[in-house]
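To start, the structure itself, in structure tokens.
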2 protein chains.
Amino acid sequence: MKHGQISSKELSDFIRERVTIEETYSRSMSKLAKSASNFSQLGTFAPIWDVFKVSTEKLASCHMELVRKLQELIKEVQKYVDEQAKAHKKTKEEVASTLEAVQNIQSVSQALQKSKENYNSKTLEQERMRKEGATQRDLDKTGVKVKKATEVYKSFVEKYATTKTEFEQKMAETAQKFQDIEESHILHMKEIIQSYSCSVEDTHKQIEELHQEFVNNMENTSVESLIQKLAESKGTGKERPAITAKTAKAVPPPRPEHVLQTNCLLFLHSSKDGTFELLRHLFSFIKL
Amino acid sequence: MKHGQISSKELSDFIRERVTIEETYSRSMSKLAKSASNFSQLGTFAPIWDVFKVSTEKLASCHMELVRKLQELIKEVQKYVDEQAKAHKKTKEEVASTLEAVQNIQSVSQALQKSKENYNSKTLEQERMRKEGATQRDLDKTGVKVKKATEVYKSFVEKYATTKTEFEQKMAETAQKFQDIEESHILHMKEIIQSYSCSVEDTHKQIEELHQEFVNNMENTSVESLIQKLAESKGTGKERPAITAKTAKAVPPPRPEHVLQTNCLLFLHSSKDGTFELLRHLFSFIKL
């Protein structure tokens, strides 16, 4: 029983330590998600950091949910520890009579031994006297002593038999009681462990789903879409800017327009002054 | 390109931070496994701590394996960062002629604008003089100026056309080059992320298997087997000790034997002096 109480306290300690580990992990993951959100919001890679950020935040949440579940479980374990202590106290009172039966059999056993020794010595004395041809009067006197020793011995044998029966019964009861306590303790502990195990498994499943989501999001973030997004955010157009066909007023040259023909999505700018805007981008890109 | 280098450095930072988190988690789990192995080795629950210990150690190993894989990946990212820097340097040299073309078109454009303004003002002056009825000599003089301005304007229009063609070609080439660089950068980053993602997924799979193993081990650890183990370790027997049938020498009572009849596995001791040994156990158990 003492070990039962130790083990339930240790189980609670174990879960508590796991909670601390999961909490630290979760907080670190939150911090990592924050790092991802602080990473450069410029360039084609920026939207990927969003995917990382969201996934890492969710991972942190999964572990925090495990923390909450295990904290609930610790409360249950604590409740069990208290109940267990009460039950053990009650059992201790109940087995007091067994202790008494044990003390009885010890003392009766000693008395039986003594009476047996007395019986033996008296019988031997009687025999010795017979061999040595003692007087009838002496033999009678010894006969009385032998008879008395036999009676005492007999009475202790009987008493021992009764005490032994009682002792065996008490011991059997107590042993059964202790075994029952032990069995129900292990059953209870196994229930707690199952609850612990389920919480851990739920977390694994959530993390697995989360990971699949991350993989899907990455697959859905194509190279084209990233370049497209950057082109849009930079205001570069997909199409070649149209020549604003002003009818040439002066005969000699048509008014020159800065236009640029290219198939690139990225670096075309649709504003009239597109080429210079484009230029600014180009050289900001190669700023090493 | 600049953002490309920032993002690959950031990706390396992100993975490095994850490595630190996983390493801390793994070390904490090892510590937890050690706690489990330091828990009481007495009582029926002791073998369960072995299951916890082994499972927690393996969990620590899984995360440590992830650490190793990600450390390898960081090396790859670092290699890519270096290659990227070299490639960008090369590109910067290659686009030098584009910068030249840009400067050309800017200066030609300004010259064109000036020559146009000159042409306009000369034309206007000629018209004004015609309206005001200027002398033929003055008109001829202005006519020469207009002709010269027209020629200069025309030559700049032509020069602008050539410069513009060159500019457009260079810009298109450069834009394509930059777009190619951007595309291959994202592709490379996605490859790294896929490798990261696979390592994480492998770890999840291992943890899942590990958890299943834990669940199986728990299921296989029955209440009966735990009690059985304790009974064996304590030297308590399953069977009632046999009465050592000494033929009673003395007529009156048979020599009493301390025996105990019970069906409990736990508290039976097979030695002759079993009951007292049993007693010692019983009361050590209830020591609260």
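The values are calculated or read from the model by the stated rules, or taken from the named source; none is laboratory data. For clarity, every value in this text was computed on a predicted model and none was experimentally measured. Glycine gets a Cβ as well: all are built from the backbone with ideal geometry, and neighbour counts include every protein chain shown. Only protein heavy atoms, including side chains, enter the accessible area calculation; ligands, DNA and RNA are left aside. Shrake-Rupley method; radii C 1.70, N 1.55, O 1.52, S 1.80 Å.
Listed here are the residues, each with its yes/no results for (1) of a type in the set (D, E, K, R); (2) more than 9 Å from every other protein chain (Cβ to nearest Cβ); (3) within 60 Å of the chain's Cα centre (by Cα).
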position	(1), (2), (3)
A:124	no, yes, no
A:132	yes, yes, no
A:135	no, yes, no
A:183	yes, no, yes
A:203	no, yes, yes
Which condition number does residue B:218 fail, the rest of (1) surrounded by 16 or more Cβ atoms within 10 Å (Cβ to Cβ); (2) of a type outside the set (Phe, Trp, Tyr); (3) farther than 30 Å from residue B:55 by Cβ being met? (3)
Which of (1) more than 8 Å from chain A (Cβ to nearest Cβ); (2) surrounded by 19 or more Cβ atoms within 10 Å (Cβ to Cβ); (3) at pLDDT below 85 does residue B:229 not meet, given it meets every other one? (2)
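Return the residue satisfying two criteria in turn: it lies in the range A:34-52 and is assigned to a helix (DSSP H, G or I) and within 10 Å of chain B (Cβ to nearest Cβ), and of such residues it is farthest from the chain's Cα centre (by Cα).
For the range A:34-52, the residue satisfying everything is A:46.
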Screening B:249, B:234, B:238 for residues that are more than 28 Å from the chain's Cα centre (by Cα) and at pLDDT below 50 leaves only B:249
For the structure I just gave you, tell me whether residue A:58 is under 18 Å from residue A:20 (Cα atoms), under 22 Å from the mean Cα position of the chain (by Cα), assigned by TED's automatic domain parsing to the domain that holds residue A:206 and part of a helix (DSSP H, G or I). no
If a residue has to be out of contact with any Leu (no Cβ under 6 Å at 6 or more places or on another chain), within 30 Å of residue A:45 (Cα to Cα) and within 8 Å of chain A (Cβ to nearest Cβ) to count, how many in the range B:139-173 make the cut? 2
Qualifying positions in the range B:125-148 - surrounded by 13 or more Cβ atoms within 10 Å (Cβ to Cβ) and either under 23 Å from residue B:104 (Cβ atoms) or of a type in the set (Val, Ile, Thr) (or both): B:142, B:146
Taking the range A:163-210 only, how many residues are open to solvent by less than 20 Å² (accessible area, probe 1.4 Å) and free of Cβ contacts under 8 Å to residues at least 12 places away in the same chain? 4
Pairs with Cβ under 9 Å, 6+ apart, first in the range B:73-92 and farther than 16 Å from residue B:190 by Cβ, second of a type in the set (A, V, I, L, M, F, W, C) and loosely packed, with under 15 Cβ neighbours inside 10 Å: B:85/A:288; B:88/A:288; B:89/A:288; B:92/A:288
Just need a number here: residues in the range A:6-29 that are surrounded by 17 or more Cβ atoms within 10 Å (Cβ to Cβ) and either under 27 Å from residue A:220 (Cβ atoms) or polar (S, T, N, Q) (or both). 6
